[in-house]
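First the structure, in the form of structure tokens, and then the observations on it.
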Amino acid sequence: MKRIVIAIDGLSSCGKSTMAKDLAKTIGYIYIDSGAMYRAVTFYALENGLISDSGVINEERLMSDIKENKVKISFILDEHTQRPLTCLNGVVVEKDIRLMRVSEHVSPIAALPFVREALTRQQQAMGEEKGIVMDGRDIGTTVFPNAELKIYVKASAEIRAKRRYDELLAKGEKDICMDSIIKNVKERDEIDQNRAVSPLRKAEDALVLDNSNMTIEEQKQWLMDRFNERVCQN
Ligand code: DC
């Protein structure tokens with residue numbers, strides 16, 4: 001059967017990763033969470049003192065570190081879950097990159113043109129052999145404009161904030177406040193949709209999925225049906 005590229009875009013916490021991961025596992029494709037790559041760069045910047053307390057990014061240092069290949073991002077498969085784990089310079093940082101501290105700084109990092117260029121190049125290389133499901137904000141528009149299947153996922157800000165809250169709680173993060181999560185979700189929406197480089201927008205040929213009132217099982221089935229339709233057409 002012909003292997004295709006599947007691009008899944010949407011706002012933060014709309015359930016893209018869950019559905020993309022499940023689909024990849026079911027159909028035997030590689031799954032790449034492009035948001036994890038932006039998070040890994042943000043984690044690198046925080047760990048190396050490249051973001052001041054007031055949020056100012058040392059762009060010059062970050063740019064030269066990226067150019068000098070000091071920010072190496074890769075994925076390994078978790079032996080037990082068969083899920084990909086994000087690595088930064090060979091160290092698994094999957095948990096670290098999901099912390100609020102990273103979420104609070106990732107949007108300005110993801111808006112930097114030199115960061116986007118470097119990660120886009122890496123993502124395109126990962127998709128050369130096809131057989132890949134990648135999720136993010138600009139996958140169907142910039143990274144893989146020729147993807148055979150493009151999905152644009154949406155859900156209300158309140159529902160997305162509740163999902164993020166439950167996720168953080170399940171990970172054992174303490175001192176989480178629903179109001180600050182809603183604020184963070186809305187701020188990120190604003191930056192992601194209005195930044196100059198690769199803003200989040202629906203690709204013209206993307207199929208829209210509003211999952212505000214859908215269960216995970218329903219989403220899974222919807223996506224599987226779209227995949228089967230597309231593979232039959234190709
Ligand atoms: O999907 P996420 O919330 O883990 O993404 C983290 C951040 O990275 C988010 O602010 C948007 C940004 N991002 C992006 O700009 N482009 C992508 N392809 C993926 C994520």
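The values are calculated or read from the model by the stated rules, or taken from the named source; none is laboratory data. If you're wondering where the values come from, they're calculated on a predicted model, not measured in any experiment. Cβ atoms come from the backbone with ideal geometry, glycine included; neighbour counts cover every protein chain shown.
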- Message: Return the pair list, or none, for Cβ contacts closer than 8 Å from residues in segment 99-120 that are within 20 Å of Asp189 (Cβ to Cβ) and of a type in the set (Ser, Thr, Tyr) to residues that are more than 8 Å from the ligand (Cβ to nearest atom) and in a helix (DSSP H, G or I), at least 6 apart or on different chains.
- Response: Ser103/Asn184; Ser107/Glu187
- Task: Among what's in segment 157-194 and is of a type in the set (Asp, Glu) and either exposed (fewer than 13 other Cβ atoms within 10 Å of the Cβ) or more than 21 Å from Lys95 (Cα to Cα) (or both), pick the residue that is farthest from the chain's Cα centre (by Cα).
- Result: Asp175
- Can you confirm whether segment 59-79 contains a residue that is among the charged types (D, E, K, R) and assigned to a strand (DSSP E or B)? no
- Message: Please go through segment 109-128 and give me each residue that is surrounded by 17 or more Cβ atoms within 10 Å (Cβ to Cβ), more than 15 Å from the chain's Cα centre (by Cα) and in a helix (DSSP H, G or I), ordered by number.
- Response: Ala118
- Query: Quick check: anything in segment 129-140 farther than 16 Å from Ser74 by Cα, under 15 Å from the mean Cα position of the chain (by Cα), assigned to a loop (DSSP other than H, G, I, E, B) and among the hydrophobic types (A, V, I, L, M, F, W, C)?
  - Reply: no
- Could you please find all residues in segment 63-121 being hydroxyl-bearing (Ser, Thr, Tyr) and within 16 Å of the ligand (Cβ to nearest atom)? Thr86, Ser103, Ser107, Thr120
- Of the residues in segment 16-35, those that are within 13 Å of the ligand (Cβ to nearest atom), part of a helix (DSSP H, G or I) and charged (D, E, K, R) number 2
- Within segment 36-52, count every residue that is in contact with a His (Cβ under 7 Å, 6 or more places away or on another chain) and part of a helix (DSSP H, G or I). 2
- Message: Quick check on segment 68-75. Is at least one of its residues β-branched (Val, Ile, Thr) and either at pLDDT below 95 or under 24 Å from Asn211 (Cβ atoms) (or both)?
- Response: no
- Report the residue count in segment 36-58 for those that are more than 16 Å from the ligand (Cβ to nearest atom) and surrounded by 14 or more Cβ atoms within 10 Å (Cβ to Cβ). 3
- Task: Could you run through segment 141-165 and say how many residues are more than 14 Å from the ligand (Cβ to nearest atom) and assigned to a loop (DSSP other than H, G, I, E, B)?
- Result: 3
- Does Lys202 meet the test of being modelled with pLDDT of 90 or more and in a loop (DSSP other than H, G, I, E, B)? yes
- Message: Quick check on segment 203-218: of everything there that is closer than 16 Å to Ser156 by Cα and of a type outside the set (A, V, I, L, M), which residue is surrounded by the most Cβ atoms within 10 Å (Cβ to Cβ)?
- Response: Asn211
